[in-house]
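Have a look at the structure below, then the notes.
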Amino acid sequence: MSITKYEVFLKVVELGSLTKAADVLGFTQSGISHTISSLEMEFGFSLLVRNRSGVKLTVNGEQVVQPIREILKWNEQLKQQVADIHGLETGTITIGTFTSVSVHWLPGMIKEFRKEYPYIEFKLMEGGYLEIEQWIEAGVVDCGFISLPTRDKFEVFPLKQDRMLAILSQDHPLSKAPYMPLAQMAYEDFIIQKAGSDYDARRVFERAGIQPNIKFTAGDDYAIIAMVENGLGISVLPEMVISRQNHNVAMLELEERSFRSLGIAVHSMKYASPATRRFLKHVQVWLKDYPE
C-alpha cells in the first residue's frame, strides 16, 4: 500500500473537501478522487461519504484514521532517523499552538532554530488548550504548547509563568484602581474564552470562590479585547495576550496575583522524532533569553 495514498486520505479528512485537498497537494480533483477510490478498493469498504457540503468519514473510515496516522508518523520518524544517521537534519515538526504563543514566541523560536537546522520544516495547528491536548494524544501533532496542569500521560516541559490581568474599558469606574477586587468581579458582566480555551480564567474564579456573571463567550482573545474596549464587559486574560499591542483598555493586577503556567508537551519522548527532540531542547534554551 502506498504511503502517498494515506497522505492524500488524511489531507481530505483534515480539509473536508476533495477540491481543497487537491489544491493543497497540487493534484487534480480527479486525481484525488481516483486515489481515494483506489484505497477504498484495497480496503474493501468505503472510507468517505461525499455530499454537497464536502466529505465526511464513514463508520469504517473513522476506524482506520488513527492507524493511518500512526503509519505516517512512524514513516516520518524512520525518514528522520535515517537522515540523522547520515548526519543530515531534515523532517517536519507539527506543533499545536494558540494565538499568544504563535504571535510572541514561535516566530523567534523558529527563526533561530532554522539557522542551525534549515531543512527542518514546520506545520502549525492553532486551537484551544483542549484541542491541543487531544491532538497530542491522538498523534495529530508532534508536540504542543499547553497551560499546566495537563494530562498525566504526557511528558511536559514547564516553560514560563504568565501573569493574569483584569482588563476593563477606559471609562469603567474601576479603570484607575490600583488593582481589581476579586469580589467585585462577580457583579460585572464578564467575557470569557470559549470552552476548552477558558482554563486560565476559570482557575482564577475557582481559587477565589467566585461565580462569574458570563454575558459573552468568544473564540479569539483579540475579539474579547475589542468587546471590552467597547464597554460590553470585563475579562481576565494572560499578560502575554495583551502586552506589546496598542489596545485601548485598562489593565489591572488582580487583588490576589495569579499566573498561568505555560509548557510544551509530547505524548512520549521515547517515540518523539529526532527533529522534535531537537526543537524541544531549543525551546527551553531560547526562552531563557526571552525578554519578560
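A few points about this structure:
A quick yes/no check of all residues on (1) part of a strand (DSSP E or B); (2) open to solvent by 60 Å² or more (accessible area, probe 1.4 Å):
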site	(1), (2)
I210	no, no
I225	no, no
L232	no, yes
M240	no, no
E253	yes, no
L262	yes, no
A275	no, no
V283	no, no
Y290	no, no
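- Sole exception among (1) assigned to a helix (DSSP H, G or I); (2) within 18 Å of L280 (Cβ to Cβ); (3) modelled with pLDDT under 90 for E89, by number: (1)
- Of all residues in the stretch 264-273, those being small (G, A, S) and surrounded by fewer than 19 Cβ atoms within 10 Å (Cβ to Cβ) number 1.
- Enumeration of residues in the stretch 55-85 that are loosely packed, with under 15 Cβ neighbours inside 10 Å and among the acidic types (D, E): E62, E70
- On inspection, V12 does not qualify as free of Cβ contacts under 8 Å to residues at least 40 places away in the same chain, closer than 21 Å to V141 by Cβ and open to solvent by less than 50 Å² (accessible area, probe 1.4 Å).
- Strands (runs of 3 or more DSSP E) lying entirely in the stretch 96-200 (those with 1 or more residues that are open to solvent by less than 60 Å² (accessible area, probe 1.4 Å) and more than 25 Å from D84 (Cβ to Cβ)): 143-148, 155-169, 189-193
The values are calculated or read from the model by the stated rules, or taken from the named source; none is laboratory data. On a predicted model such as this, the values are computed, not experimentally measured, just so you know. Every residue, glycine among them, receives a Cβ derived from its backbone with ideal geometry; neighbour counts consider all protein chains shown. Side chains are part of the model used for accessible areas, which takes the heavy atoms of the whole protein and leaves out ligands, DNA and RNA. Shrake-Rupley method; radii C 1.70, N 1.55, O 1.52, S 1.80 Å.
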